[in-house]
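Below is one structure, written out as structure tokens; the observations come after it.
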2 protein chains.
Amino acid sequence: MAPRLAVLAGGGPLPRQVIGAARAAGREVFVLAFEGETEPAAVDGVPHQWVPLGAVGRTLGALHAAGSEEVVLIGPVRRPSFATLKLDWRGMQLLGKLGLRAGRGDDRLFQAIVGELEAEGFKVVGADQVMGTLLAPEGLLTRAAPDAAARRDIAQGIQVAARLGELDVGQAVVVQHGLVLGVEAAEGTDRLLARCAELRRDGPGGVLVKLKKPGQERRADLPTIGPATVEAAAAARLEGIAVHAGQCLIIDQERVVERADRRGLFVVGVGGRG
Amino acid sequence: MAPRLAVLAGGGPLPRQVIGAARAAGREVFVLAFEGETEPAAVDGVPHQWVPLGAVGRTLGALHAAGSEEVVLIGPVRRPSFATLKLDWRGMQLLGKLGLRAGRGDDRLFQAIVGELEAEGFKVVGADQVMGTLLAPEGLLTRAAPDAAARRDIAQGIQVAARLGELDVGQAVVVQHGLVLGVEAAEGTDRLLARCAELRRDGPGGVLVKLKKPGQERRADLPTIGPATVEAAAAARLEGIAVHAGQCLIIDQERVVERADRRGLFVVGVGGRG
């Protein structure tokens, strides 16, 4: 039998899905839930413990006590200000060791967290290893397909997202017929799409492109789309969504495709860059 | 006496200022005002003609009829969708000649407009040549100065803005202690700042960095800040603003400095890249 799986659960619907999939596959699961981040529904009926975000010592202690060998990190965590983060002693040690200064980019932070867990003897696995169906496949998923203009917009979006990703800024870009309507930084994809609904020009076109950043720790923090992303893209009257094949998670792929088909949007997995 | 100056006036307060400065210097001015773009106050009491944006033939005809040799383009124009733009015959010719497709980046568009005016025999001058005090000087303008953390944020913002600028995406970036809060695309700096007011982390820090894009036509479309930018940056609780020295326009520099001093913000002209 597979070893007991510990889930460090961030926010959003993804942890619940991963926990459910692991348990459905017969795995024993223990959840570390973060106060103010994890949705309570995610840990309903599942062995779990709540910890504050900065309580690194308590988190590691709970992981050891749970007897887990494998750890999966899933779901976004709002990056706190270091001024409000209540670090325990171990957390301060970690901060000192990493030489982190407040506000450093996400990539280095997640790499540091994964490194620390590995130094403690845990095997850190990606959510896609627990739940194989999560990764975006390559190619077209929907009935609608990108036309020539949309394919140009996708290519342009990949170029912009890749450059931004190198600088550890955001993962998502919206392009309408050659014009970059919006670029994601700290606001997240939902707010980017809400803004682009107002910024779009009259006429057709518009694609959301979402790529993994080159330095992004794939076991901790992959870009994600889900049914809500499709709805937000439809509300912004975009024609479709291009996600990084094999590098991007799709929450509830069946519903994503069903909703996209109903709205006439395309969803396509693109090569982009590893 | 200097030849009659034609002003192609976009939106915002800048055209009025440039027109006022030119007339105060004794120059005769004729304004081409664009319907739905130019503020009516800008042409109040000044010889002018209103034209629709797409009426390229009428615009050129009016410029010739006005007997102007020098033309200045000043103030932003909301880029229309080509679907709604009512192009006259000359406009369609121009579009065909340029091979423009809808939504092309701003840089190429402004270069094309300047090229077309020059081909018609006009001398296109930058707003800063009409009104020398407009360009951001190098160095500190305010009592407050960036501390070490702000200087690091400025350096990071320059790096991000420069990369984005190469792709003809936006000119402005907000960085708070190493974290890129927001990146400007089609929404403009005011909306970027409004968003960053909500995205900022607790604690100090935060700078707006605004650079000229490398391909940006400096006679038609330089990045601009003004008193309203200072107020928006203060509302987002930023510590200051770094603008591209010699490549960025400051509307009403005296008031910019006075307001920044009152709010405790710094404004600094930085080298960036030409």
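Odds and ends about this structure:
- Three semi-axes of the equivalent ellipsoid, segment A:106-212, Cα gyration tensor, whole Å, largest first: 32, 18, 11
- Charge dipole magnitude, Cβ of K and R +1, D and E -1 - segment A:1-73, Cα centre, debye nearest 20: 120
- Ordering B:A25, B:S68, B:A119 by Cα displacement along the dipole of chain B toward the positive end leaves B:A119 in first place; charges were set at the Cβ atoms of Lys, Arg (+1) and Asp, Glu (-1).
- Estimated vicinal HN-Hα couplings, Hz - segment A:186-196 in sequence order (Karplus 6.51, -1.76, 1.60; Gly, Pro = x): 7, 7, x, 5, 4, 6, 4, 5, 4, 5, 5
- Taking the average, over residues, of other Cβ atoms within 10 Å as the packing measure, peptides B:210-219, B:47-56 rank B:210-219, B:47-56 from highest down.
- Residue with peak Gaussian network fluctuation, chain A [Cα springs, cutoff 10 Å], from A:R143, A:R200, A:R16: A:R143
- Cα convex hull volume per residue for the protein assembly as shown (Å³): 144
- A cut-off under 12 angstrom between Cβ atoms defines the neighbours of B:V7, and their net charge, with Lys, Arg +1 and Asp, Glu -1, is +2.
- With contacts taken as Cα pairs under 8 Å and at least 6 residues apart, chain B reaches a relative contact order of 18 percent.
- Entry note, the protein assembly as shown: the mean residue ellipticity at 222 nm calculated from DSSP H runs of n ≥ 4, each adding -39500 (n - 2.57), is -11000 deg cm²/dmol after division by the residues and rounding to the nearest 500.
- In segment B:122-274, Cα pairs under 8 Å separated by at least six residues give a relative contact order of 32 percent.
- Between amide H atoms placed 1.01 Å from N, distances below 5 Å from A:H48 occur with A:V31, all of them 5 or more places distant or on a separate chain.
- Distance violations [Cα-Cα > 31 Å] among A:K212/B:K86; A:K210/B:K86; A:K86/A:K123; A:K212/B:K212; A:K123/A:K213: A:K212/B:K86; A:K210/B:K86
- Of all the options A:G240, A:G182, A:G121, the one that moves most in a Gaussian network model of chain A with Cα springs shorter than 10 angstrom is A:G121.
- For segment A:189-274, the alpha carbon positions stretch 38, 26, 21 Å along the principal axes, listed from largest to smallest.
- Taking amide hydrogens as placed 1.01 Å from N in the peptide plane, the amide H of B:E28 sits under 5 Å from those of B:L5, each at least 5 positions away in sequence or on another chain.
- When +1 charges are put on Lys and Arg Cβ atoms and -1 charges on Asp and Glu Cβ atoms, the dipole computed for chain A relative to its Cα centre reaches about 380 debye.
- Ellipsoid fit via the Cα gyration tensor, segment A:1-42: semi-axes of 19, 11, 6 Å, each the root of five times an eigenvalue, largest first.
- Using only side-chain charges placed at the Cβ, +1 for Lys and Arg and -1 for Asp and Glu, the dipole size of the protein assembly as shown relative to its Cα centre rounds to 260 debye.
- A point 7 Å from Cα along Cα→Cβ stands in for B:R23, and the other copies hold the same point at 7.5 nm, listed in rising order.
- With the convex hull of the Cα atoms taken as the outline of chain A, the averaged projected area works out to 14.2 nm².
Each value in this text was obtained by applying a stated rule to the coordinates, not by laboratory testing. Remember, it's a predicted structure, so these values are computed and weren't measured experimentally. As a convention, Cβ positions derive from the backbone with ideal geometry for all residues, glycine included, and neighbour counts pool all protein chains shown.
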